[in-house]
1. Please specify each residue of the stretch 81-108 satisfying the condition of being hydrophobic (A, V, I, L, M, F, W, C) and assigned to a loop (DSSP other than H, G, I, E, B).
2. Quickly run through the stretch 403-459 and pick out the residues that are within 18 Å of A173 (Cβ to Cβ), more than 21 Å from the chain's Cα centre (by Cα) and polar (S, T, N, Q).
3. Within the stretch 104-133, work out how many residues are at pLDDT below 95 and either among the hydroxyl-bearing types (S, T, Y) or not assigned by TED's automatic domain parsing to the domain that holds G64 (or both).
4. Scan the stretch 144-166 residue by residue and report those that are over 15 Å from I63 (Cα atoms) and under 16 Å from the mean Cα position of the chain (by Cα).
5. Quick one: Y272 ticks every box in (1) touching an Asp or Glu at 6+ places or on another chain (Cβ under 9 Å); (2) aromatic (F, W, Y); (3) more than 21 Å from S434 (Cα to Cα) bar one, so which box is it?
6. Identify, please: which residue in the stretch 347-358 is modelled with pLDDT of 95 or more and in contact with a Cys (Cβ under 9 Å, 6 or more places away or on another chain) and is, among those, surrounded by the most Cβ atoms within 10 Å (Cβ to Cβ)?
7. Which residues, counting only those in the stretch 335-351, are under 27 Å from I383 (Cα atoms), touching a Phe, Trp or Tyr at 6+ places or on another chain (Cβ under 8 Å) and in a loop (DSSP other than H, G, I, E, B)?
Amino acid sequence: MNQNNRPSLAGAETRRNFIKKAATAAAVVAATNPFKTPVYGQSSAPSAGRVIGANDRIAVGYIGLGGPPSLTDCPAMGLAHVSSQKSHAAENNIVQAAVCDLYKTRYEHARSEIGTSDVVGYDDYRRLLERKDIDAVLIATHDPWHAQCAIDAMQAGKHVYCEKPMTRYLGEAFQVYDTVKRTGKVFQVGSQGCSAAAWHKAAELIQGGKIGKLVWGQGYYCRNNPKGEWNYKIDPGATPETVNWNMWLGPVHKKVPFNPDHFFRWRKFYPYCTGLLGDLVPHRLLPLMLATGSPEFPKRVVCTGTKPVGTDRNTPGALERDVPEHIELLAEFPSGLTLTIVSSTVSATSPGFVIYGHQATLSIGDAGNRLNLVPERPFAEEIDPLPLDGLEPHEDVGVHEKNWFDSIRANKKPNADIELAVRAQTVISLAEMSQRLNMTCLFDEKTRKITDGSGKEVKAITYGTLELS
């Protein structure tokens with residue numbers, strides 16, 4: 001990286017001491033971690049960070065950037081957040097202080113996008129977290145780094161906005177959950193639909209008994225990409241010399257030499273992502289669970305996934321994906337509610353988003369700005385129809401970011417808080433297990449144990465459990 005932009009490490013921990021302290025912290029977390037998921041790179045003791053008042057400016061750092069658009073058509077979520085927060089910096093009273101990526105081209109582009117001379121670029125997120133002047137970090141790395149970056153950030157006293165999915169594996173989700181509880185930091189997961197008004201209005205109506213006992217709900221996120229979803233253009237400037245590949249792999253078990261297809265199209269490959277379940281499903285699952293007004297851990301999860309088309313053949317040189325092109329998820333909750341989520345990259349036509357109660361049904365616009373309550377026929381005399389259009393705000397990344405900043409200042413839970421996030425991640429992780437292991441997954445929230453239909457305990461999959469992990 002540019003030596004002029006590297007912070008002085010005088011007086012900082014040596015790498016050996018950092019690892020030694022990490023082992024101590026890992027032992028603390030492992031004591032409450034039934035999944036035995038590896039914990040790596042943590043600082044040894046949590047820092048409180050500063051107390052942020054209602055009028056205080058929040059200094060933000062960004063870990064994982066993606067892009068830039070001129071070199072790849074990949075939707076660079078980290079860079080998108082940089083641009084969005086730059087546009088609303090005065091409104092949100094923030095300063096964009098630092099950016100970090102393992103590929104120098106990306107963090108230099110982000111520095112240019114912010115456009116101020118004092119924003120610093122890093123190629124190691126730990127150096128960013130050492131900054132005492134940074135209050136909050138936005139994490140948009142690929143999935144295997146979500147948990148560790150979030151844990152380390154909160155240990156360093158930072159509030160966290162983490163892109164979906166919350167984590168790569170289930171054990172990590174509970175490690176993040178336990179860290180949020182221990183540090184008291186504000187944690188928001190990046191499912192921006194959770195800040196749209198219709199889902200909150202649905203929760204209000206449901207909790208008010210307006211549709212009777214919840215029965216089931218359905219959601220969809222479907223696309224149709226003939227050339228294969230996530231087969232983004234590859235930037236030829238990314239090479240083993242310009243990308244810190246070993247660090248990018250992180251905890252991944254199946255380590256391969258530098259591969260541009262893996263680096264730019266990582267959502268296709270199980271070691272880095274669970275595909276549709278990690279990328280698209282969270283955008284529907286979290287708002288649907290939020291809309292119930294009382295999100296639950298799942299009781300039973302089943303998921304099927306197929307590759308019916310084989311679209312990767314239509315992009316020259318693209319590797320075939322590990323993950324399905326089409327999935328269908330069914331989750332049952334202790335209250336008796338069931339949720340169905342369908343996601344596809346090879347068939348885009350979809351029905352709407354609906355929550356069905358015993359007495360009435362709620363249809364919800366996909367941008368979260370429309371809601372329609374329709375009584376069931378036997379209850380038509382007791383319940384009036386309620387069409388609501390133009391609800392604000394609708395689904396918008398900037399609104400979701402503002403909710404995070406407002407929550408930090410007010411020390412309140414954000415719209416996609418840790419309680420919702422860990423419950424949704426449990427559904428997602430059990431769905432991956434169901435699909436990949438051909439099993440029905442039963443979950444006990446008190447013990448955090450998973451069993452199959454026969455009652456036999458099955459360990460949650462993690463790095464090294466399967467060949468592609």
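1. L102, the sole residue that qualifies.
2. Across the stretch 403-459, the qualifying residue is only T447.
3. 5
4. Across the stretch 144-166, the qualifying residue is only P165.
5. So the condition that Y272 fails would be (3).
6. S347
7. Listed by number, the residues that qualify are L337, P351.
Quick grid of which residues meet (1) of a type outside the set (A, V, I, L, M, F, W, C); (2) out of contact with any Cys (no Cβ under 8 Å at 6 or more places or on another chain); (3) crowded, with 24+ Cβ neighbours inside 10 Å:
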residue	(1), (2), (3)
H394	yes, yes, no
V397	no, yes, no
N403	yes, yes, no
D406	yes, yes, no
N411	yes, yes, no
D417	yes, yes, no
L430	no, no, yes
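The values are calculated or read from the model by the stated rules, or taken from the named source; none is laboratory data. Remember, predicted model here, so these are calculated numbers, not experimental data. Quick reminder, even Gly has a Cβ in these numbers, built from the backbone with ideal geometry, and neighbours come from all protein chains shown.
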